[in-house]
1. Considering each residue of the range 327-345, count those that are within 12 Å of the chain's Cα centre (by Cα) and in contact (Cβ under 8 Å) with a residue 12 or more places away in the chain, and give that number.
2. So Lys209 fits all but one of (1) of a type outside the set (Gly, Ala, Ser); (2) outside any loop (DSSP other than H, G, I, E, B); (3) more than 22 Å from Ile240 (Cα to Cα); what number is the exception?
3. For residues in the range 108-127 being surrounded by fewer than 17 Cβ atoms within 10 Å (Cβ to Cβ) and out of contact with any Lys or Arg (no Cβ under 8 Å at 6 or more places or on another chain), which is modelled with the highest pLDDT?
4. In the range 240-261, how many residues are assigned to a loop (DSSP other than H, G, I, E, B) and open to solvent by 70 Å² or more (accessible area, probe 1.4 Å)?
5. Taking the stated definitions as given, is Asp299 out of contact with any Pro (no Cβ under 9 Å at 6 or more places or on another chain) and closer than 30 Å to Leu123 by Cβ?
6. Name the single residue, out of those in the range 136-161 being out of contact with any helix residue (DSSP H, G or I) (no Cβ under 6 Å at 6 or more places or on another chain), over 20 Å from Gln202 (Cα atoms) and of a type in the set (Gly, Ala, Ser), that is least open to solvent (accessible area, probe 1.4 Å).
7. State yes or no: is Ala218 closer than 22 Å to Thr374 by Cα, buried (at least 19 other Cβ atoms within 10 Å of the Cβ) and touching a Lys or Arg at 6+ places or on another chain (Cβ under 8 Å)?
8. Regarding Ala91, is this residue assigned to a helix (DSSP H, G or I), among the small types (Gly, Ala, Ser) and within 21 Å of Val346 (Cα to Cα)?
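The values are calculated or read from the model by the stated rules, or taken from the named source; none is laboratory data. Please read these numbers as outputs of a predicted model, since none were measured by experiment. For neighbour counting, all protein chains shown are included, and Cβ atoms are generated from backbone atoms with ideal geometry for every residue, glycine included. Ligands, DNA and RNA are stripped out before the accessible areas are found, and what is left, the full protein with its side chains, is counted by its heavy atoms. Shrake-Rupley method; radii C 1.70, N 1.55, O 1.52, S 1.80 Å.
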Amino acid sequence: MNILSNNTKEEKTLKSIYCFMKEYSVGKHLKKVNAYKNKGIPVMSIFIYLIQLVFTKKSMYMNILNGTHNGGFSKDSVYRLLNSPFINWSAFLLNIAICVINGKISTLTSKERINTLIVDDTLYSRSRSKNVELLAKVYDHSAKATNKYRKGFQQLTMAWSDGVTLIPIMFRHMSSEEKRNRYNEINSKIDKRSCGYKARKQALSSKPKVMIDMLIQASKAGILAKHVLFDCWFSFPSTIIEVCKLKMNVVARVKNTPKIKYLLDSEKKTLSQIYTSAKKRRGKSKYLLSVAIKLYNKDNETYDARIVYIRDRNNKKNWIALISTDPNLSEEEIIKLYSRRWDIEVFFKICKSYLNLAKEFRGLSYDAIIAHTTVVMTRYIILAVEKRQVEDPRTLGEIFYLCYDEIAEIQFSEAFGFILSLLRDVLEEVLFLTVEQVNLLIDVFISKLPEHFKEKMLPNESIVI
């Protein structure tokens, strides 16, 4: 029975994967990014195998070595696909994300709902590696140990969210800008005209600069979002101003440091100085203070913004500051919108704990790391779509509308009469009341109803009970 049950689950998972591939034309997107073969095993077959591998709980090496994958290809075919510097995996993930967002999720989202882009980074650990291309000593801000530097990459990720579903759209594996922190350099044999070489050069840039490039690329691709959320690691005034120049609004947490100042009444003040000088709200308010300030950069460009101080849940004596460049958002909306940023932390947790991010393949090339991460994020997109279809009643299609039409055909007076008939039966059978007593109770009950209920009951229509 256990074997039958496992096979049934695997068949159901494979069916969902095949349906996703067909619905969103994944094969065509692979061909557009130069992932195709002129002969032999199709790339689509290998890609589907990589997608479903994590759900079978089997190692790729032992699976192919024993020939139990039934794919007709060897491990060399898989490694050639992963190590190719000419496949633009970044464009592939972006195209799939656009198809899912614009084709499926946007139809389930109200026009009044605010769509956001969330940017954050996480550690892509390769702690036991030595010869990985562009391997560096990077800072892990989530580590609790004294030494917070780890071997690996900082995976800068951008995701789209409507507040219900999160879809990853882009990522970059950032090495270190400083050469002394890098264990290995770029492979000299890589073709400098390839997209793989361009990705390597971008990995040596600063994260705020790469984030701006990602936002420009997402905007040109047609991602529907006007607000960008990120943590205090990116919320420098110069970075926020660059985002505003792209006609996007920022909602972010700002860091309390004496090095960063804001313009308040033409005076440059830090977050602490602004909080001390302003009058606080009394009582148990959702926020402590709201102040309109101006951002400025080295070129003396200024932008209007609002800083909202809220109480730190971990330490009620401290406060947390949020900044927003959207003048139309209230303080409550700013707090609520920033709370969406936590979704990307959950996304990182799922990718690392369940989808084998940085654990499944131990390739040494930078291209293999990018390809593996793309596979992991495609798995997450499939799960996110499945979750939305199961939980959102509007995805039930015709069944939902049939039920809706059936309910709409029942008049209010009919439904109300049915409820009163049940009430009559209960009063007569349980309390043993007479017909006169039951009628008196029902008349008193109807007289106590609100007026908007009485208006829906037609005066010339009697309720049959």
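1. Residues meeting the conditions: 5.
2. Result: Lys209 fails condition (3) only.
3. The initial filter retains those residues of the range 108-127 that are surrounded by fewer than 17 Cβ atoms within 10 Å (Cβ to Cβ), namely 108, 110-113, 127.
Next, only the ones that are out of contact with any Lys or Arg (no Cβ under 8 Å at 6 or more places or on another chain) stay: 110-113.
Values: Ser110: 79, Lys111: 78, Glu112: 81, Arg113: 85.
Ranking the qualifying residues of the range 108-127, first place goes to Arg113.
4. 6
5. Working: out of contact with any Pro (no Cβ under 9 Å at 6 or more places or on another chain): yes; closer than 30 Å to Leu123 by Cβ: no.
So Asp299 does not fit the description; no.
6. If we take residues in the range 136-161 being out of contact with any helix residue (DSSP H, G or I) (no Cβ under 6 Å at 6 or more places or on another chain), over 20 Å from Gln202 (Cα atoms) and of a type in the set (Gly, Ala, Ser), then Ala143 is least open to solvent (accessible area, probe 1.4 Å).
7. Considered against the rule, which asks whether it is closer than 22 Å to Thr374 by Cα, buried (at least 19 other Cβ atoms within 10 Å of the Cβ) and touching a Lys or Arg at 6+ places or on another chain (Cβ under 8 Å), Ala218 comes out as no.
8. Judged against the criteria, Ala91 is not a match.
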